[in-house]
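**Q** Shown below is the structure under consideration.
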Amino acid sequence: MQDQDKNETLAVEAKGLFKSYGKIKAVNGIDLKIRKGEVFSLLGPNGAGKTTTVEMLEGIRTPDSGSIKILGLDPIKNVQDLRRKEGIIPQGFNFIEKITPKEAIAYYSTLFNVPNRSEELIKMTNLTNVSNVIFTDLSGGQKQKVGLCLALSNDPEILFLDEPTTGLDPQARRNIWEVIRKLKSEKRTIILTTHYLEEAEELADRVAIVDNGKIMAEGTPHEIIKEYGNGMRLNVDGEAGLLKVFRKIKGIKTKYGSGKFTVIFNSEKDIVKMVRALEKSGKKWSNLKISNETLEDVFLDLIGTKEKD
Ligand SMILES: Nc1ncnc2c1ncn2[C@@H]1O[C@H](COP(=O)(O)OP(=O)(O)OP(=O)(O)O)[C@@H](O)[C@H]1O
Ligand SMILES: [Mg+2]
C-alpha cells in the first residue's frame, strides 16, 4: 500500500534507461523519479544525453532497454493517452513560417480536440501585441513563447521544456521564468532542460547533472552545492605577497593568478581571520567579495575539468 501511495505521487519513474546510436552511448543507465508538481531540471554539457532522455520520457524515442512510467502511463504503449496529458517544447523549437500565434494555438486545439484557449495563453505569455504577426517575423523570445503556448494548449499535467530560454535576452528569459513559476503554482510537473545554471537554481526543486549518458549528481540545488561544493569563496585583488599571509591561516585553500586571489573556506570564522590578516599585512588589496559557491561552480568542478582535457 505504501509503495502504491508513493507511485501515485510520481509523475515520472524511469529505471535503467539505455540508448545508443552505433557506438555512441547517448544514455547509459539513467534512473529518474520525479514527483507530481515538481520542477525538475536536467543539466549537462552538449551531447550529455539530456534531449535523448527527455524524448524517451515523452514517447518520441524508444529506449534500447529500461522502463518508463509517465503519470502511470507507458510512453510507447499508451502514447495516445500520454499525448493528451503532456506538453512539449522540443529543443530549437520552430514552426510553420506563415502562421500567427493565434492561428497556431487554434490549430493545435483542433489537433487535440480541446477548447481553443488562445486568448488566455496569449495574454499569459504577453504575446497580445504580436498575436497576428506571422511566425518568421517574431523575435526569438516571442517564438519560444509561441512554443510554450502550443505546449500548454491541451492544458497538460506534465511539461517537457528542452532549453526553452536558449539564446534569449535576460528580460525575455525572466518573462519565461514567470510563466514557468505560474505553471508550477498550478501544480503542473515541469521537466526543464537548460544550460543556464542560475535558471535551474532559480526555478528547479531538484536537478540532475548528466554527463556521458549518466547522472553525476542529483538533488536540490542546495543539497548538490553542499555535497559537491567546497564551501564559501573569498575573492580579492592584491599583490602576490599576500599569498604568504593567507597560507598562514589553517583550513583554507588559496589560489592566486594575475593579481587575483580565490580562497575556498568552510567556516564563517575564517572570514574574520582573513580580513584581520589582510588589514595587518599592510599590503594593498581591493575588491573583496565573499560568496557561497553556486550550482555553476559545482557544475564546472564536476564537468568543466573534463572539458579542458
Ligand atoms: N538521432 C541520433 N543519431 C545519432 N546520434 C545521436 C542522435 N541523437 C543524439 N545523438 C548523439 O547522442 C548524444 C547525446 O545527444 P543529446 O541530444 O541527447 O545531448 P544533449 O545533452 O541534449 O546535448 P545539448 O546540450 O547539445 O542539447 C550526442 O553524442 C549526439 O550526437
Ligand atoms: Mg539537447
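**Q** Among the residues in the range 269-288, are any closer than 30 Å to Val207 by Cβ and under 31 Å from the mean Cα position of the chain (by Cα)?
**A** As a first pass, look at the range 269-288 and keep what is closer than 30 Å to Val207 by Cβ: 270-271.
With the extra rule that they be under 31 Å from the mean Cα position of the chain (by Cα), the set shrinks to none.
No, the range 269-288 contains no residue that is closer than 30 Å to Val207 by Cβ and under 31 Å from the mean Cα position of the chain (by Cα).
**Q** Kindly check whether there is at least one residue in the range 191-207 that is in contact (Cβ under 8 Å) with a residue 12 or more places away in the chain, away from ligand 2 (no atom under 16 Å from the Cβ) and under 22 Å from Phe112 (Cβ atoms).
**A** So far as the range 191-207 goes, no, none of its residues is in contact (Cβ under 8 Å) with a residue 12 or more places away in the chain, away from ligand 2 (no atom under 16 Å from the Cβ) and under 22 Å from Phe112 (Cβ atoms).
**Q** OK, next. Give the residue, chosen from Ile99, Ile60, Ile68, Ile89, that is β-branched (Val, Ile, Thr), away from ligand 1 (no atom under 16 Å from the Cβ) and either loosely packed, with under 15 Cβ neighbours inside 10 Å or assigned by TED's automatic domain parsing to the domain that holds Lys33 (or both).
**A** After ruling out the rest, the residue left standing is Ile99.
**Q** Anything in the range 242-256 that is surrounded by 18 or more Cβ atoms within 10 Å (Cβ to Cβ) and either at positive phi or in contact (Cβ under 8 Å) with a residue 24 or more places away in the chain (or both)? List them, or say none.
**A** If the condition is that a residue be surrounded by 18 or more Cβ atoms within 10 Å (Cβ to Cβ) and either at positive phi or in contact (Cβ under 8 Å) with a residue 24 or more places away in the chain (or both), then Leu242, Val245, Phe246 are the ones that fit.
**Q** Which numbered condition trips up Phe299, out of (1) part of a helix (DSSP H, G or I); (2) without any contact (Cβ under 8 Å) to a residue 24 or more places away in the chain?
**A** The failed condition is (2).
**Q** So Ile190 ticks every box in (1) at pLDDT 95 or above; (2) loosely packed, with under 15 Cβ neighbours inside 10 Å; (3) in contact with a strand residue (DSSP E or B) (Cβ under 7 Å, 6 or more places away or on another chain) but one. Which box is left unticked?
**A** (2)
**Q** Can Leu73 be described as surrounded by 14 or more Cβ atoms within 10 Å (Cβ to Cβ), within 23 Å of Pro90 (Cβ to Cβ) and modelled with pLDDT of 95 or more?
**A** yes
**Q** Looking at Lys50, Lys36, can you tell me which residue is in contact (Cβ under 8 Å) with a residue 60 or more places away in the chain, more than 10 Å from ligand 2 (Cβ to nearest atom), of a type outside the set (Val, Ile, Thr) and out of contact with any helix residue (DSSP H, G or I) (no Cβ under 7 Å at 6 or more places or on another chain)?
**A** On the way: Lys50 fails: more than 10 Å from ligand 2 (Cβ to nearest atom).
Of Lys50, Lys36, the one residue that is in contact (Cβ under 8 Å) with a residue 60 or more places away in the chain, more than 10 Å from ligand 2 (Cβ to nearest atom), of a type outside the set (Val, Ile, Thr) and out of contact with any helix residue (DSSP H, G or I) (no Cβ under 7 Å at 6 or more places or on another chain) is Lys36.
**Q** Sticking with this one: Which numbered condition in (1) of a type outside the set (A, V, I, L, M); (2) away from ligand 2 (no atom under 16 Å from the Cβ); (3) assigned to a strand (DSSP E or B) is the only one that Thr110 fails?
**A** (3)
**Q** Only one residue in Gly304, Gly282, Gly257 is at pLDDT below 95 and over 30 Å from Leu43 (Cα atoms), so which one is that?
**A** Only one candidate qualifies: Gly282.
**Q** Hey, another quick one. Looking at the range 162-178 only, could you name the residues that are at negative phi, among the acidic types (Asp, Glu) and touching a residue at least 24 places away in the same chain (Cβ under 8 Å)?
**A** Once the filter is applied, which keeps residues that are at negative phi, among the acidic types (Asp, Glu) and touching a residue at least 24 places away in the same chain (Cβ under 8 Å), the range 162-178 yields Asp162, Asp169.
The values are calculated or read from the model by the stated rules, or taken from the named source; none is laboratory data. Treat the numbers as computed from the prediction; the structure is a model and nothing was measured. Don't worry about glycine lacking a Cβ; one is built from the backbone with ideal geometry, like all the others, and counts go over all protein chains shown.
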